[in-house]
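Written out below as structure tokens is the structure these notes cover.
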Amino acid sequence: MAKVRKLLHTRYRVNDLEKTVRFYREVLGLEEVRRHKSPRGSELVFLKAPESEELIEICYYPGSGPVQVQPDLTHLAFEVDSLEAFREHLKKFGLDYSEPPHIREDGSGFAFIDAPEGYEIELIQRGRSGSGY
């Protein structure tokens, strides 16, 4: 039986490539792995989180028209050590959570921030037992 082997990347198309890439690199701390132009003319930047194999592809392709992200359509989720410490980090960029942390009894929790262009980012803090999802 044929089946897929693993997730390689997730693509998000944007209107402002450099602003978005700067956010993912500077605010979230992702690493830019590679950048190139596709055969059809898309400008592509691939990013990854330090402990992940999967990539995020940020795509600028004006030929498809302007990007309009619908509310609550999609989001990326990243693990952080501490939601409170990450809030302090966000303040350095003049940012805060768009939805404040929800912390459970075991210390696990989540919060949301807005990335450029209307995409949401979920940040997850694991609890004492390693839970968090």
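Each value in this text was obtained by applying a stated rule to the coordinates, not by laboratory testing. Predicted model, so just to flag it, every value in this text is computed and none were measured. In this analysis, Cβ positions are derived from the backbone assuming ideal geometry, glycine residues included, and neighbour counts consider all displayed protein chains.
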Proximal lysine pairs in the chain, meaning Cα under 20 Å and 8 or more positions apart or interchain, come to 6
log10 I(q)/I(0) for the chain, Debye formula on C-alpha points only (no solvent), q = 0.18, 0.19, 0.22 Å⁻¹, two decimals, reads -1.08, -1.16, -1.40
In segment 1-33, the trypsin sites (Lys or Arg not before Pro) that sit in a DSSP loop and have at most 12 other Cβ atoms within 10 Å of their own Cβ are Lys3, Arg5, Lys6
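Take every Cα pair under 8 Å in the chain that's 6+ residues apart, average their separations, divide by the length, and report that relative contact order as a whole percent. Show your work: numbers first, answer last.
On the way: 229 pairs, mean separation 28.5, N = 133.
This gives 21 percent for the chain.
For Val69, Val45, Val33, what ranking results if the residue with the fewest other Cβ atoms within 10 Å of its Cβ goes first?
Values: Val69 17, Val45 22, Val33 13.
Final ranking by Cβ density, sparse to dense: Val33, Val69, Val45.
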